[in-house]
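This report concerns only the one structure given below.
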Amino acid sequence: MSMSSETIVLPPSVSTRSAASRLGDLPMIPIIILAVIAFMAIFADVLAPHNPEVGALTARFKPPFWQTGGTMDHILGTDQLGRDVLSRLIFGARVSMVVGFTAVIFAGVVGTVLGILAGYLGGWADQVIMRITDAWLALPALTFAIFLAAIVGPSMWNIVIILGLVYWTRYARVVRGEVLSLKEREFVRLAIVAGCSKATIMRRHILPNVVNSAIVLATLMLGVVIVTEASLSFLGVGVPPPKPAWGLMLSDGKQGLMVGYWWLTVLPGCCIMLMVLSANLLGDWLRVKLDPQLRQL
Amino acid sequence: MAATPNRPLLEIDNLSTHYVSAQGTRVVRAVDDVSLRISAGETLGIVGESGSGKSTLALSILRVLPPAAQIVSGQMWFENEDLVRKTDTEMRHVRGKRIAMILQDPMASLNPLFTIGNQVGEPIRVHEGTRRAAAWRRACDLLKAVRIPSPETRVTQFPHEMSGGMRQRIVGAIGIACEPRLLIADEPTTSLDLTIQAQYLSLLRDLQREHGLALIFITHNLGIVAKMCDQLVVMYAGRVVESGPVSRIFNAPAHPYTKALLNSIPRMTDNRNRLTAIEGQPPDLSSLPRGCSFAARCPAAFDRCHKETPPEFNLEGGRTARCWLASVAMQSGAA
Amino acid sequence: MPVLEAAGLTKHFQARRGLFSGSRGVVRAVDDISFSIESGRTLGVVGESGCGKTTTAKLVLGLEEPTGGSIRFEGRDLQELDPAGRRHYRKSVQAVFQDPFASLSPRMRISDIIAEPLVTNETVTSGEVRRRVLELLDLVGLPERSADLFPHEFSGGQRQRIAIARALALSPKLVVLDEPVSALDVSIRAQILNLLRDLQDRLGLSYLFIAHDLAAVAHMSHTIVVMYLGKIVEVGDAQTLARAPKHPYTAALFSAALPSHPDERREEILLAGEVPSPLNPPSGCRFHPRCPQVMPVCGQQEPALAQVGDRFVACHLYDQARH
Ligand SMILES: Nc1ncnc2c1ncn2[C@@H]1O[C@H](COP(=O)(O)OP(=O)(O)OP(=O)(O)O)[C@@H](O)[C@H]1O
Ligand SMILES: Nc1ncnc2c1ncn2[C@@H]1O[C@H](COP(=O)(O)OP(=O)(O)OP(=O)(O)O)[C@@H](O)[C@H]1O
Ligand code: SF4
Ligand SMILES: [Mg+2]
Ligand SMILES: [Mg+2]
């Protein structure tokens, strides 16, 4: 019963084509590194040759196996308490991953929700949220985190909450900006004409369109969060010992650096660097990939 | 150095400009085997829908193409010099001085940080080495020429202090600053209101008459062509499908696309008759179908149209058409 | 009976304060306008950029609250409607906007986009929704397969068809069309204009049609309203108004419209100057600084919109004719 006589020819569905081409140029190196770290984190119990939290005081400061005095039993040597460095690195990956991801997601959810509310509702909601954000951003993140950590005391989950509280503002800023331009778009206006409530519009029309930016930001923030966690642990207000965290290992090993126990600092340092670098590379790639304007190029 | 009388001012022969994607896998034939000519003092309209290659053609003439684009073949004779073979330095002396261009968005064409006088005087300083004070005086005259009231105060102002129509006229003033032989206007009125557009078009026509300019007017509005142009080039999917004198094409279009386009436009005087719409949509330039690119939408298409690409047929009266039907008409006309 | 009547409709915006100036101006975007839309007919609105066309559309759609005046829908004042009446109004008035690329949520499937007004306003089973979506797609001439695709897979013209299908989901009485073809290719415009006309004939829709293209408005409309700086200057039957404008502004506007044929030579009325800012419109007749036929009275006294022969004109030239 079509009333227009013409037949409309649709292009062949492009979603399949673009999905394939989208996978084509994945940045392999950061993905492999992150996958290896995630693998270590998940299977730490199986992979680690020793208990990371107990060591034998008789076997302190053993160097990696290729140096004189090193043994194959402790491939990457032992620390000042005789704990196996490799095992601690493997379990440290778990701490970094858990802290990194949960903190980023926690901050992301809080920031995105508040950003959408501020941007879409405007008025006093916007004023209140953005003033808090401004004040928050004015505080030096690390000092603020130390301050919070000192109040609530060190524990892994406290660290997650602290990092989330410190970093949600970044999301709120970015998301609000995006919402401000989205809300002037005609599809939002048409949704109002269609009778949708504010909550529905925010959920159905705004949220899916800001999720991309939030994900990109999250990937970039992952690096920042891991470094902050390491810094907190290094300063002794992070993950409490004897739990193996990379930052904590760095901190414990720092006295040894002068007397040649380089593996206690260099190895966890490298792990942190690799993870942060991978997260940033992946974030950059995602940013270009998910931005339709940049994608055209 | 004027063009020899028997040779047009600008003559483009079989020009092709392609965009090649970064991986080299996708080739967009934005301008494909285009030929056209324009004589001094003439107005040539180029019409075609969005993406048919009009802007790319204009950029090709000035050789200011984006890096992805490339002139792959053809010649462009301008005052007996082949623009395709010129070096970049030589082209710099052509641009702005002998061929000037006006773009669609006047705000993007003006630098917000410099005064109007500075920007209008710039081409004069660059191309003629005129001193600043003299260039400034010339800028005043040019603003007067484009009918901007009290030019002496306007030259000291900044672009944001002008309205859209005034900005577009200032861009026009920059265009004619060095008294070019050819002015290319790429949709200069799309951002203007109707009454302002009418002012601007009459201004352009007067300027052209006074300076003996050749004008290439790019638009998708057939009304502007009807009002302004002597010659018309109709582009479809990167090719020239029809060209010739405007009134002849309007009276008896030779190409089905032109015919359909003319019929699909609502007329002020017509009452509520149904419009004759062109069904379907333009093809993707990176994967053009075999045969005539309009065949899929053409009401008169027959077998041959889907198989073979029609060449450009020369019809009587200086017209051309890229359509197999035109070849039939030509033969029966000759017989 | 008219579907919709606006009386003395007014919308003023507080102009944003400049960085340093403390003054606060008022933009009179729409200033005391009255019009009515008959059932099954099209009211066309023309005028230059910034004259208040979109603001009028937004007021009708309830996207902006009027500063003054009233809108009556099917004889009832919107201000006095109970919640049920408001819901009924919301369902009866839908819209299609200019930019087909911005009108569709990029991350929703076509079926969800078209069904949204339906699901939001009525309790329907998913089977019914699906059936209605396919029916609507068919109505606007799109294949059923479109339902499961995303907006980016369609061209501008096809997207505009989707936007129209969505607007029709609740079987509205009035559809506001704010420049529905301006963003489309020339060769596609006629398709959409034809579709809109066919739908009107079939479903008895009323349109509020806004466009810059005078020929398109003349073609689509039964009645035309000409606006200048937030005011209506002339209202009349589309054909007679286009052929013989009475207000000097209408005359200039229609003479500036481009010819459809090179041999068509019209008398050209070139207006001096540009549209003044609506922040401080000229005194008296708002058109008087540009009017070719201006008289001393024009700068002092604002002409009222009054009947002149077959239409309404707001101009002092016709003061005598009325008496
Ligand atoms: N930088 C680019 N890279 C690849 N393709 C391009 C690029 N610029 C333009 N194109 C393609 O070239 C074709 C011609 O574009 P062009 O801008 O010349 O069209 P146009 O006729 O000027 O259209 P409009 O009326 O919209 O201005 C289009 O199909 C476009 O997609
Ligand atoms: N939210 C707003 N705040 C302040 N001023 C506004 C607002 N919306 C519109 N205006 C002003 O109201 C006037 C009328 O705007 P409107 O969008 O209705 O014009 P229009 O006739 O639709 O123009 P166009 O043809 O360009 O779409 C303009 O001067 C505009 O700047
Ligand atoms: S009232 Fe006066 S100024 Fe206004 S349009 Fe009529 S003649 Fe012109
Ligand atoms: Mg262009
Ligand atoms: Mg508008």
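The values are calculated or read from the model by the stated rules, or taken from the named source; none is laboratory data. Please read all numbers here as calculations on a predicted model, not as lab measurements. As a convention, Cβ positions derive from the backbone with ideal geometry for all residues, glycine included, and neighbour counts pool all protein chains shown. For the accessible areas, the whole protein counts, side chains as well, though only heavy atoms, and no ligand, DNA or RNA atoms are used. Shrake-Rupley method; radii C 1.70, N 1.55, O 1.52, S 1.80 Å.
With the checklist (1) part of a helix (DSSP H, G or I); (2) under 29 Å from the mean Cα position of the chain (by Cα); (3) buried (at least 20 other Cβ atoms within 10 Å of the Cβ) in hand, flag the one item A:Val239 doesn't pass.
Of everything listed in (1) part of a helix (DSSP H, G or I); (2) under 29 Å from the mean Cα position of the chain (by Cα); (3) buried (at least 20 other Cβ atoms within 10 Å of the Cβ), A:Val239 misses just condition (1).
For the range C:120-151, what are the residues that are more than 8 Å from chain A (Cβ to nearest Cβ), within 28 Å of the chain's Cα centre (by Cα) and open to solvent by 10 Å² or more (accessible area, probe 1.4 Å)?
Here is the first cut: in the range C:120-151, the ones more than 8 Å from chain A (Cβ to nearest Cβ) are C:122-137, C:144, C:147-148, C:151.
Checking which are within 28 Å of the chain's Cα centre (by Cα) leaves us with C:122, C:132-133, C:135-137, C:151.
Those that are more than 8 Å from chain A (Cβ to nearest Cβ), within 28 Å of the chain's Cα centre (by Cα) and open to solvent by 10 Å² or more (accessible area, probe 1.4 Å): C:Glu122, C:Arg132, C:Glu135.
Being open to solvent by 10 Å² or more (accessible area, probe 1.4 Å) and not charged (D, E, K, R) is the filter; apply it to the range A:168-179 and report the residue that is farthest from A:Leu139 (Cα to Cα).
Checking each candidate, the answer is A:Gly177.
Can you list residue pairs whose Cβ atoms sit under 6 Å apart, with the first residue in the range A:141-154 being of a type in the set (Phe, Trp, Tyr) and the second being surrounded by 14 or more Cβ atoms within 10 Å (Cβ to Cβ)? Count only pairs 6 or more apart in sequence or on different chains.
A:Phe144/A:Val166
Restricting to the range A:127-167, and then to whatever is open to solvent by 70 Å² or more (accessible area, probe 1.4 Å) and among the small types (Gly, Ala, Ser), can you tell me which residue is modelled with the highest pLDDT?
Per the stated criteria, the residue is A:Ala138.
Quick check, is B:Ala139 modelled with pLDDT of 85 or more, more than 30 Å from B:Asn80 (Cα to Cα) and either among the hydroxyl-bearing types (Ser, Thr, Tyr) or buried (at least 22 other Cβ atoms within 10 Å of the Cβ) (or both)?
Numbers: modelled with pLDDT of 85 or more: yes; more than 30 Å from B:Asn80 (Cα to Cα): yes; either among the hydroxyl-bearing types (Ser, Thr, Tyr) or buried (at least 22 other Cβ atoms within 10 Å of the Cβ) (or both): yes.
Yes: the conditions hold for B:Ala139.
Can you find a residue that is closer than 19 Å to B:Cys178 by Cβ, in contact with a helix residue (DSSP H, G or I) (Cβ under 6 Å, 6 or more places away or on another chain), modelled with pLDDT under 90 and open to solvent by 40 Å² or more (accessible area, probe 1.4 Å) anywhere in the range B:79-89?
No: the range B:79-89 contains no residue that is closer than 19 Å to B:Cys178 by Cβ, in contact with a helix residue (DSSP H, G or I) (Cβ under 6 Å, 6 or more places away or on another chain), modelled with pLDDT under 90 and open to solvent by 40 Å² or more (accessible area, probe 1.4 Å).
Go through C:Leu170, C:Leu199, C:Leu205, C:Leu195 for me and flag whichever is within 9 Å of another protein chain (Cβ to nearest Cβ) and farther than 29 Å from B:Thr190 by Cβ.
C:Leu170
Could you please find all residues in the range C:102-119 being touching a helix residue (DSSP H, G or I) at 6+ places or on another chain (Cβ under 7 Å), within 9 Å of another protein chain (Cβ to nearest Cβ) and open to solvent by 20 Å² or more (accessible area, probe 1.4 Å)?
C:Pro106, C:Arg107, listed by residue number.
For C:Val217, are the conditions met, namely being crowded, with 22+ Cβ neighbours inside 10 Å, part of a helix (DSSP H, G or I) and either touching a strand residue (DSSP E or B) at 6+ places or on another chain (Cβ under 6 Å) or touching a residue at least 12 places away in the same chain (Cβ under 8 Å) (or both)?
yes
Look through C:Gly284, C:Gly299, C:Gly236 and report the one residue that is away from chain B (no Cβ under 14 Å), surrounded by 18 or more Cβ atoms within 10 Å (Cβ to Cβ) and free of Cβ contacts under 8 Å to residues at least 40 places away in the same chain. Give the steps one after another, and end with the answer.
Details: C:Gly299 fails: surrounded by 18 or more Cβ atoms within 10 Å (Cβ to Cβ); C:Gly236 fails: free of Cβ contacts under 8 Å to residues at least 40 places away in the same chain.
Answer to the check: C:Gly284.
Can you find, within the range C:50-97, the residue that is farthest from ligand 4 (Cβ to nearest atom) among those that are among the aliphatic types (A, V, I, L, M), more than 20 Å from C:Met227 (Cα to Cα) and crowded, with 19+ Cβ neighbours inside 10 Å?
C:Val93
Just need a number here: residues in the range C:114-172 that are in a helix (DSSP H, G or I), over 20 Å from A:Thr200 (Cβ atoms) and of a type in the set (Ser, Thr, Tyr).
Qualifying residue count for the region: 1.
Residue by residue, here is whether (1) more than 16 Å from ligand 4 (Cβ to nearest atom); (2) in contact with a strand residue (DSSP E or B) (Cβ under 7 Å, 6 or more places away or on another chain); (3) within 21 Å of C:Ser34 (Cα to Cα); (4) assigned to a helix (DSSP H, G or I) holds:
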site: C:Cys285; (1), (2), (3), (4): yes, no, yes, no
site: C:His288; (1), (2), (3), (4): yes, no, no, no
site: C:Cys291; (1), (2), (3), (4): yes, no, no, no
site: C:Val294; (1), (2), (3), (4): yes, no, no, no
site: C:Val297; (1), (2), (3), (4): yes, no, no, yes
site: C:Glu302; (1), (2), (3), (4): yes, no, yes, no
site: C:Gln307; (1), (2), (3), (4): yes, no, yes, no
site: C:Phe312; (1), (2), (3), (4): yes, yes, yes, no
site: C:Tyr318; (1), (2), (3), (4): yes, yes, yes, yes
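What is the one condition in (1) more than 8 Å from every other protein chain (Cβ to nearest Cβ); (2) over 25 Å from B:Leu192 (Cβ atoms); (3) assigned to a loop (DSSP other than H, G, I, E, B) that C:Leu63 does not satisfy?
(1)
Residue-by-condition table, conditions (1) modelled with pLDDT of 90 or more; (2) farther than 30 Å from B:Arg209 by Cβ; (3) surrounded by 19 or more Cβ atoms within 10 Å (Cβ to Cβ):
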position	(1), (2), (3)
B:Asn6	no, no, no
B:Ile12	yes, no, yes
B:Thr17	yes, yes, yes
B:Thr25	no, yes, no
B:Leu36	yes, no, yes
B:Ile46	yes, no, yes
B:Ser50	no, yes, no
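Would you mind telling me which numbered condition in (1) crowded, with 23+ Cβ neighbours inside 10 Å; (2) within 14 Å of chain C (Cβ to nearest Cβ) B:Arg205 fails?
Here B:Arg205 clears every test but (1).
Considering only residues of the range B:239-269 that are within 7 Å of another protein chain (Cβ to nearest Cβ) and of a type outside the set (Val, Ile, Thr), which is surrounded by the most Cβ atoms within 10 Å (Cβ to Cβ)?
Ranking the candidates gives B:Leu261 first.
Please tell me if C:Phe254 is surrounded by 14 or more Cβ atoms within 10 Å (Cβ to Cβ), away from ligand 2 (no atom under 16 Å from the Cβ) and within 14 Å of chain B (Cβ to nearest Cβ). Break it down stepwise before answering.
Numbers: surrounded by 14 or more Cβ atoms within 10 Å (Cβ to Cβ): yes; away from ligand 2 (no atom under 16 Å from the Cβ): yes; within 14 Å of chain B (Cβ to nearest Cβ): yes.
For C:Phe254, the condition - surrounded by 14 or more Cβ atoms within 10 Å (Cβ to Cβ), away from ligand 2 (no atom under 16 Å from the Cβ) and within 14 Å of chain B (Cβ to nearest Cβ) - is met.
Could you check how many residues of the range B:199-238 are outside any helix (DSSP H, G or I) and within 16 Å of ligand 4 (Cβ to nearest atom)?
12
Out of (1) in a helix (DSSP H, G or I); (2) open to solvent by 10 Å² or more (accessible area, probe 1.4 Å); (3) among the aliphatic types (A, V, I, L, M), what's the single condition that is false for C:Leu196?
(2)
May I ask you to say which residue of B:Ala254, B:Ala300, B:Ala260 is hydrophobic (A, V, I, L, M, F, W, C), assigned to a loop (DSSP other than H, G, I, E, B) and without any contact (Cβ under 8 Å) to a residue 60 or more places away in the chain? Let's see the steps before the verdict.
On the way: B:Ala254 fails: without any contact (Cβ under 8 Å) to a residue 60 or more places away in the chain; B:Ala260 fails: assigned to a loop (DSSP other than H, G, I, E, B).
Selected residue: B:Ala300, the only one of B:Ala254, B:Ala300, B:Ala260 that is hydrophobic (A, V, I, L, M, F, W, C), assigned to a loop (DSSP other than H, G, I, E, B) and without any contact (Cβ under 8 Å) to a residue 60 or more places away in the chain.
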